[in-house]
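Contents: one structure, followed by commentary.
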Amino acid sequence: MQIWDFAEYAAWALSALLGIYIVTDWLKTDSRYSEEELTSSREGQLEAITEQHEL
Amino acid sequence: MSDITRNTPGTAEASEAAPTQNGGLLRVLGPAHIWALGVGIVLVGEYMGWNFAVGKGGAYAALIACWFAGILYSCVAMIDSEVTSTVAAAGGQYTQAKHIIGPLMAFNVGLYLVFAYTMLEAANAITVGFLVETVAGMTGHEGLNPQPFIVLAIMFLAWLNYRGVLATLTFNLVITAFAFTAILILFLATSPLFGESPLKHAELMTDLPYGWLGVLAAMHFGLWFYLGIEGTCQAAEEVRSPSRSLPFGTLAGVMTLAIAATLTWYLCVGLMPWEYLGQSGAPLFDAARMSGSTALTVLLGIGTLFATLASANGCINDASRAWFAMGRDHYLPSWFGAVHPVYRTPYRSIIFLVPIALIFALGAPLDQVITFSILSGLLEYTFMPLNVIMFRRKWPLDTIKRGYEHPFHPIPAIVLLCLCGITFFAVFLGYGTQLVAMIAFYIVVSLWFHFRRYRFVQRAAQFTMPWPKPQGY
């Protein structure tokens, strides 16, 4: 059936579009922000502020 | 307890001097998202895969395996709920191992997680392709190429994960709830409560065809009813209230799965002879078709697709968090520890794992991919009893605040260890070569980590939680 042939092409096209979006945004983000800023996340940061693990 | 200090000696200044965290993961999730993450990853196991346990040992063997696996996973959920409600950070069991056991265990657990979830994601994508191909076949179109649909499933879900965790897990919540409701509807529609029932348990049930050895062999596939529920821990850094949401979501999840598993078994063994059920590709869908209702067939067809997508979606979420946490601690290149400044997701980890999932989805056989996932998961469960016993010893109940305290300790840990031992034997019976090959792989990467990689780890900077000193230190 022709609709399934069309669906195959549409799936390839949509996959390519999503891939292009992700890669473009990744490159833009990496060039716009410093590495220090991007990797500034620290484990347990919120916990250090709100939950001191005291009983 | 007022002895609040860092739990490692040395250069705590390094972590304190790090830039202020304004770009960490976003805390936006609630208990329902945790439920959706855990149940979403697993529910596909009810739609397909569990029935191979029937092929191994008959209908009753599958039920025994289902309940033994239920006990195993209840122990996993209880232990995980206690530890994760305390170690509320991305990485889940990896982070628990890092704090409680040590770096080498943590590195191994991190890899178990990433492999288990990435392989499961690939297996789900292969299944999406198979489902589309089946639907095309039912409409009279033979020879459909499933590859574009496999690639689309992975790319769409990667894009969703890239854009933000709230949308990702809200999507999971909707499609998982749909898939679970579909099972309930099928049960109600075929039950004798509303007129004549197509269920024929009296005619179809047999004794154990291969005896108790069949029951043992069925344990391998009994895991499918629940495999992945421990994935709820990976959202620990993104929930608004970890100490409440994580135990609630995880325990509600394992209860949901116990109900779904029992209903699924009951329905399928009442509609199909065990010889057929043991080889079915999509048993719930087949059960719906055998009920004779077109509406139920369509409902369960959509349910199968949704369950598969929900599982792949949760797997991308979890694998990327584990990879991200390892990067953040320099167990892997710190480049992977980056968070997207707008979407607040571990975007580099998400991107990195896409081609790996694609390679396995397009190039590896489904049974091998799934076996690698199950074995990695099993190694992870074996680590958990050791983990919780050490956690209780180092930080007894009166020394650290817990969101949940699991009852009857250490009985759940011992039960879990025994059931893991039985399941390892069951897996060895069917997939001995893969088991040995995989253990050899983890030994090699452990040696690499110990001799080559660990020198890059900033030992004090990886422990930034404000925990009290462990007892005895």
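Remarks
- Within the stretch B:357-364, the presence of at least one residue that is more than 21 Å from B:GLY110 (Cβ to Cβ), surrounded by fewer than 18 Cβ atoms within 10 Å (Cβ to Cβ) and among the small types (Gly, Ala, Ser) is confirmed.
- Flag not set for B:ARG402, criterion: facing chain A (nearest Cβ under 10 Å), at pLDDT 95 or above, over 18 Å from the mean Cα position of the chain (by Cα) and farther than 27 Å from B:HIS450 by Cβ.
- The residue list B:ALA179, B:ALA217 contains one member that is within 22 Å of the chain's Cα centre (by Cα) and more than 17 Å from B:GLY38 (Cα to Cα), which is B:ALA217.
- Total residues in the stretch B:186-203, condition touching a Ser or Thr at 6+ places or on another chain (Cβ under 9 Å), not in a helix (DSSP H, G or I) and not hydrophobic (A, V, I, L, M, F, W, C): 3
- Test result for B:PRO396, touching a residue at least 60 places away in the same chain (Cβ under 8 Å), surrounded by fewer than 17 Cβ atoms within 10 Å (Cβ to Cβ) and within 14 Å of chain A (Cβ to nearest Cβ): yes
- Qualifying residue in the stretch B:364-379 (condition: of a type in the set (Ser, Thr, Tyr) and within 22 Å of B:THR176 (Cβ to Cβ)): yes
- Of all the criteria given as (1) under 28 Å from B:GLY55 (Cβ atoms); (2) touching a helix residue (DSSP H, G or I) at 6+ places or on another chain (Cβ under 6 Å), the one not satisfied by B:TRP212 is (2).
- Restricting attention to the stretch B:92-146 and to residues that are in a loop (DSSP other than H, G, I, E, B) and small (Gly, Ala, Ser), the residue that is nearest to B:LEU447 (Cα to Cα) turns out to be B:GLY102.
- Filtered residues of the stretch A:21-36 (kept if β-branched (Val, Ile, Thr) and within 8 Å of another protein chain (Cβ to nearest Cβ)): A:ILE22, A:VAL23, A:THR29
- Among the residues of the stretch B:242-262, those identified as within 22 Å of B:LEU300 (Cβ to Cβ) and touching a residue at least 12 places away in the same chain (Cβ under 8 Å) are B:GLY253, B:THR256, B:LEU257, B:ALA258, B:ALA260, B:ALA261, B:THR262.
- Some residue of the stretch B:171-184 being under 25 Å from B:LEU120 (Cα atoms), within 12 Å of chain A (Cβ to nearest Cβ) and either crowded, with 16+ Cβ neighbours inside 10 Å or in contact with a helix residue (DSSP H, G or I) (Cβ under 9 Å, 6 or more places away or on another chain) (or both): no
- Among the residues of the stretch B:147-185, those identified as among the small types (Gly, Ala, Ser) and in a helix (DSSP H, G or I) are B:ALA153, B:ALA158, B:ALA167, B:ALA177, B:ALA179, B:ALA182.
- Some residue of the stretch B:368-376 being more than 17 Å from the chain's Cα centre (by Cα), farther than 18 Å from B:LEU160 by Cα and not acidic (Asp, Glu): yes
- Of the candidates B:LEU131, B:LEU152, the single residue that is closer than 20 Å to B:ALA310 by Cβ and without any contact (Cβ under 8 Å) to a residue 40 or more places away in the chain is B:LEU152.
- Checking B:ALA89 against (1) within 14 Å of another protein chain (Cβ to nearest Cβ); (2) part of a helix (DSSP H, G or I); (3) touching a Ser or Thr at 6+ places or on another chain (Cβ under 6 Å); (4) not acidic (Asp, Glu), the condition it does not meet: (2)
- Contacts under 6 angstrom Cβ, first residue in the stretch B:284-304 being in contact (Cβ under 8 Å) with a residue 12 or more places away in the chain, partner surrounded by fewer than 19 Cβ atoms within 10 Å (Cβ to Cβ) and charged (D, E, K, R), 6 or more apart: B:THR297/B:ARG289
- The listed residue being part of a helix (DSSP H, G or I) and either away from chain A (no Cβ under 11 Å) or in contact with a Lys or Arg (Cβ under 6 Å, 6 or more places away or on another chain) (or both), out of B:ARG321, B:ARG348: B:ARG321
- Test: B:SER245 is modelled with pLDDT under 95, under 29 Å from B:GLU82 (Cα atoms) and touching a strand residue (DSSP E or B) at 6+ places or on another chain (Cβ under 7 Å): yes
- Failed item in (1) within 14 Å of chain A (Cβ to nearest Cβ); (2) modelled with pLDDT of 95 or more, with B:ILE34 passing the rest: (1)
The values are calculated or read from the model by the stated rules, or taken from the named source; none is laboratory data. Note that the coordinates shown come from a computational prediction; the quantities given were computed from them, not determined experimentally. FYI the Cβ positions are ideal-geometry reconstructions off the backbone, even for glycines, and counts take in every protein chain you see.
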